[in-house]
Amino acid sequence: AKSAGGNRFELADAEADARAITRHGLTTALPAALERGEFFIEYQPLVHLGDGTVHGAEALVRWCHPQHGVLGPDRFIPLAEHTGLIVPLGRWVLEESVRQAHFWQERHSDGGPLRINVNLSPTQLHHPLLVAETVDVLERSGLEPGALCLEVTESALIGADDDLLKPLRQLAEMGVDIALDDFGTGYSNLANLRRLPVSVLKLDRSFTQGMQQHPADPVDLKIVEGIVSLAHSLDLAVTVEGVETGAQAEQLRELGCDTAQGWYYARPGAPDRIHSLLLADAV
Ligand code: C2E
Ligand code: CA
Ligand code: CA
Ligand code: CA
């Protein structure tokens, strides 16, 4: 089929090849990049919708690639996941962000416990040392387990059996919060939520996007309202992601969401940014 296609197809092939080469190049460069310290973490604040104070921060990893510049996680997390490098990379992210959170807490002991949210990929979830390593990281840092929230995507838990849920249950029993990330994008059975050791629902950005229009789509509002009331009846807190305007924030607050995250408050940034937001809250 390729040879019959002419130039258009040759071009498409060339682009596909270039992408494959980059993908291949990035994949093979990952282990050395970790050793050389080319990864860094940006933190995005999570804010109480009630009073706008900082509740915590989500750790979002980036790769400062010597040739390609700063790469977002969507470019390399799937590759790291595929090769298994996500395990040492994820361990590094956890260690680094927990250390950072403990540092913030030491500096702002008056501001109540600051929480740190860390993303866990499916491979990490299946890793036999997940619980032991998390305990170890917490103990070495001095951060109390209750300040850590591990974010697991809804899709990673679809059809999860007891073997998969057991480590999450153990972590939850220690006081670590488990958040169901990107909630609403998968097809999880709402009744299933009761079975999962989660304490936070993170409503996916697609819901907040649906509220961009003025007036917001009434069906979207009803859906969010329904999810929030179900979540609260199951004792789950609701975080919304992707809040970009004050109008969205106000609407989500009225719908009863607890915390929010998005460009309206702050883009992901250097740890200093969280530090100054905490200072501002303290006055
Ligand atoms: P996520 O967990 O859903 O993270 C939220 C994403 O939304 C982040 O993209 C964040 O920068 C972006 N975002 C935040 N506020 C807004 C907003 O108001 N508007 C818009 N348009 N976007 C907003 P980012 O940093 O590119 O991360 C993408 C994904 O990569 C994350 O999605 C997460 O699934 C994954 N990821 C990031 N860091 C890690 C990590 O350390 N480990 C693992 N396993 N995955 C990670
Ligand atoms: Ca997340
Ligand atoms: Ca998310
Ligand atoms: Ca998302």
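The values are calculated or read from the model by the stated rules, or taken from the named source; none is laboratory data. These numbers were taken from a predicted model, which means no experiment stands behind them. Glycine gets a Cβ as well: all are built from the backbone with ideal geometry, and neighbour counts include every protein chain shown. Side chains included, ligands, DNA and RNA excluded: accessible areas come from the protein's heavy atoms. Shrake-Rupley method; radii C 1.70, N 1.55, O 1.52, S 1.80 Å.
Observations on the structure shown:
- Backbone N within the range 265-283 under 19 Å of label point (7 Å from residue 70 Cα along the Cβ vector): 265-277
- Taking the chain as a Gaussian network of alpha-carbon nodes connected by springs under 10 Å, the highest mean-square fluctuation of the residues 67, 170, 209 belongs to 67.
- Potential lengthening between residue 282 and residue 233 on full extension [0.36 nm per residue; Cα-Cα distance subtracted]: 14.4 nm
- More than 21 angstrom apart: percent of Cα pairs within the range 127-216: 39
- With all pairs of separate Cα atoms included, the range 52-186 yields a Kirkwood hydrodynamic radius of 15.7 Å.
- Rg over Rh for the range 178-283 works out to 1.00, using Cα positions for both radii and the Kirkwood form for Rh.
- Mean-square fluctuations from a GNM of the chain, with a 10 angstrom spring cutoff on Cα atoms, peak among 33, 101, 12 at 12.
- Mean residue ellipticity (222 nm) of the chain, computed from DSSP H runs ≥ 4 via -39,500 (n - 2.57), nearest 500: -15500 deg cm²/dmol
- Taking every alpha-carbon pair under 8 Å whose residues sit at least 6 apart, the chain reaches a relative contact order of 19 percent.
- Take the Cβ atoms of residue 135 and residue 158, set R0 to 30 Å, and the FRET efficiency comes out at 0.65.
- Counting only DSSP beta bridges with both residues in the chain, the antiparallel share comes to about 40 percent.
- Largest accessible area first, the residues 92, 104 order themselves as 92, 104 under a 1.4 Å probe with ligands, DNA and RNA left out.
- Rg and Dmax over the alpha-carbon atoms of the chain stand at 20.3, 71 Å.
- Ranked by the mean number of other Cβ atoms within 10 Å of their residues, highest first, the peptides 25-32, 76-83 fall in the order 76-83, 25-32.
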